[in-house]
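Notes for the one structure printed next.
The values are calculated or read from the model by the stated rules, or taken from the named source; none is laboratory data. Remember, it's a predicted structure, so these values are computed and weren't measured experimentally. Neighbour counts run over all protein chains shown; Cβ positions are idealised from the backbone, glycine included. With ligands, DNA and RNA removed, areas are computed over all heavy atoms of the protein, side chains included. Shrake-Rupley method; radii C 1.70, N 1.55, O 1.52, S 1.80 Å.
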Amino acid sequence: MDCIFCKIVAGEIPCDRIYEDTEVLAFLDIHPKTPGHTLVIPKTHSENIYDIHSQSLTAIMSSAQKIACAIKTALAVDGINVIMNNGAAAGQIVFHAHLHVIARFAAGSNTSRHEELGIVASKIREALL
Ligand code: 5GP
Ligand code: ZN
């Protein structure tokens, strides 16, 4: 199957890994909306909310919670969005189910920090420990 996220799970395409367990992989988005923008995906392929197994959905949401807490600690954010795009009309581009965990910063705070993805990833991983 020609799925870019399945290739990331298989290690065929590199990623800045944040978290991994038997069911879930989390890694930084290659085009972050803000620093720390993380994608949380089930290791088993499904397209989106319509076909994802409820156990996988529970697993990615539970991981997104832990990762949101780690991002909050690591990056001193003011807010966090957890978003799932389902279907092209909803903005879905990659058809392997995923949650976006996106940090938000209050108006006036410095959102123009552009750190290397690898540095941001290690800060979040440390906060997860
Ligand atoms: P969607 O719009 O489908 O919810 O979002 C897909 C996300 O995957 C986009 O934000 C995009 O930047 C990200 N993305 C696409 N290809 C890759 C990739 O090869 N590696 C990583 N880390 N992110 C990707
Ligand atoms: Zn896939």
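Convex hull over the Cα atoms of the chain, averaged projected area in nm²? Mean projected area for the chain: 7.9 nm², to one decimal.
Considering only protein heavy atoms and a 1.4 Å probe, what is the carbon-and-sulfur percentage of the accessible area of the range 4-128?
Working: 3640 of 6640 Å².
Taking all protein chains in place, the range 4-128 shows 55 percent carbon and sulfur surface.
Rounded to whole numbers, the Karplus 3J(HN,Hα) couplings from phi for the range 27-37 are 8, 6, 5, 5, 10, x, 5, 9, x, x, 3 Hz, using 6.51 cos²θ - 1.76 cosθ + 1.60 with θ = phi - 60°, and x at Gly and Pro. Using the 1.4 Å probe convention, the accessible area of the range 4-128 works out to 53 Å² per residue with neighbouring protein chains retained.
Total lysine pairs in the chain at Cα distances under 23 Å, for residues eight or more apart or on different chains: 8.
For the chain, the longest principal axis of the Cα atoms and the long axis of helix 54-75 meet at an angle of about 10 degrees. Applying the criteria of a DSSP loop state and at most 12 other Cβ atoms within 10 Å to the trypsin sites (Lys or Arg not before Pro) of the range 47-117 yields 113.
For the chain, what relative contact order do you get, as a whole percent, if you take Cα pairs closer than 8 Å and at least 6 residues apart? Mind showing how you got there, number by number?
Values: 215 pairs, mean separation 39.2, N = 129.
That works out to 30 percent.
Summed over qualifying helices (DSSP H, 4 residues or more, each -39500 (n - 2.57)) and divided by its residue number, the chain shows a 222 nm mean residue ellipticity of -10000 deg cm²/dmol. Residue 61 contributes an accessible area of around 100 Å² to the protein surface, as traced by a 1.4 Å probe with all chains present. Dipole check for the range 43-123: with +1 at the C-beta of Lys and Arg, -1 at the C-beta of Asp and Glu, and the Cα centre as origin, the magnitude is about 240 Debye.
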